[in-house]
Structure formats: C-alpha cells, structure tokens
Amino acid sequence: MKRTGWLLILGVLLMVAGLEIAFHWLLGRGEFPALLAIYLDRGNSGKAFNAGIVDNLAPAAFVGWISGWVGYPRWSPRTLAGGAVGLALFVAALVPVYRILIGPEHFAIVWGAPKSFGQEVSFHVYDVFTALLAGGAFTHGGYVFRRDWKRPKS
C-alpha cells in the first residue's frame, strides 16, 4: 500500500480543519454580523440548517470524496469503511472547538446546550452519525466514480 494516499488524506484533513477553524474564528470576532446571522439562522423548520452544512456535512462530504477517489485502486472496501468512520470522528471532533471560537451563547443557538453528560455524549454521537452518513456516501461515490472513469470504454 502506498503511503502517498494516506498523506493526501491527512493533508486534506488538515486543510479542512484549518478552514473550519479560521471561519469560526472570524464569526466569533463579530466582524461579520451578516455572515453570523446566516450561520445562526434557524429558518422556518427551527433547525440550524446552514450551520449543520458548514460544520458537519460539507467537510465530511469533501474529505469523503477525496478518500474514495484516492482509495480506488489501492484500498479494500474494509479500509475505505474504516477511513469513512475515521473522517466522521475527525469532523465531529472539531465541533467542540467551535464552542470556544464562536462563544458558548452562539454555539448553544446552533448545537444546543446539553444539561448532562449523557446529553453531551448523545449530541456528539449525532455529530458522528451525520458526518458518517455524508462522508460514507461520498467515499463510496468517489470510489465508484474513479473506478468507472478508469474502466476501459467499449
């Protein structure tokens, strides 16, 4: 197994983490109130859709696509599945950092304010689950797309 694939995935993870941390740091400084309002908007459904996309789904989908693309000729389905779980854990592990960067009052608007340790654990399990859904689907998509792209045309 070549190490360059894992190095590329690691680089993409670091890039995503850097972009997410920079974005939330800017939101937390309060210099972009319109952007913060869009991020905190709960819409008609009462759910923080925009924040969920930015914090969880988009990073998981992007890293998942790259993971599947890189993994096509090299990795077994078991390795890809393990990578998808790992990237979901990574994306969910960034969420507590956002509490520090945007402030606990803004964080509570988006992610809620758990009142017990059990609630906090269930919130993080939910973060991992949603990141795994997006990341896993895009990992599979990147893998299949590259496989079909490399397949000889008849």
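Just add up the charged neighbours of D55: K/R +1, D/E -1, any other residue whose Cβ is under 15 Å from the Cβ of D55. Around D55, the surrounding residues sum to 0. The listed residues E105, E20 rank as E105, E20 when sorted by accessible area, largest first, using a 1.4 Å probe. Shown for the chain are the DSSP H helices of 24 Å or more along their axis, judged by Cα atoms, with a mean Kyte-Doolittle hydropathy of at least -1.0: 3-29, 77-102, 117-150. Sorting the segments 49-57, 143-151 by their residues' average number of neighbouring beta-carbon atoms within 10 angstrom, most packed first, yields 49-57, 143-151.
Charge tally around V128: other residues with Cβ under 15 Å, Lys/Arg +1 each, Asp/Glu -1 each, net -3. The magnitude of the dipole of segment 1-133, with charges of +1 and -1 set on the Cβ of Lys/Arg and Asp/Glu and taken from the Cα centre, is near 460 debye. Across the chain, the mean sequence separation of Cα contacts (distance under 8 Å, 6 or more residues apart), normalised by length, yields a relative contact order of 35 percent.
The dipole here belongs to segment 61-154: it is taken about the Cα centre, uses +1 on the Cβ of Lys and Arg and -1 on the Cβ of Asp and Glu, and is about 660 debye. Note on H140: accessible area approximately 120 square angstrom, rounded to 10, probe 1.4 Å, nucleic acids and ligands left out.
The values are calculated or read from the model by the stated rules, or taken from the named source; none is laboratory data. Model, not experiment: these values are computed from the prediction. Methodologically, a virtual Cβ is constructed for each residue, glycine included, from the backbone with ideal geometry; neighbour enumeration extends over all protein chains shown. The protein model used for the area step is the full one, side chains on, heavy atoms only, and it has no ligands, DNA or RNA in it. Shrake-Rupley method; radii C 1.70, N 1.55, O 1.52, S 1.80 Å.
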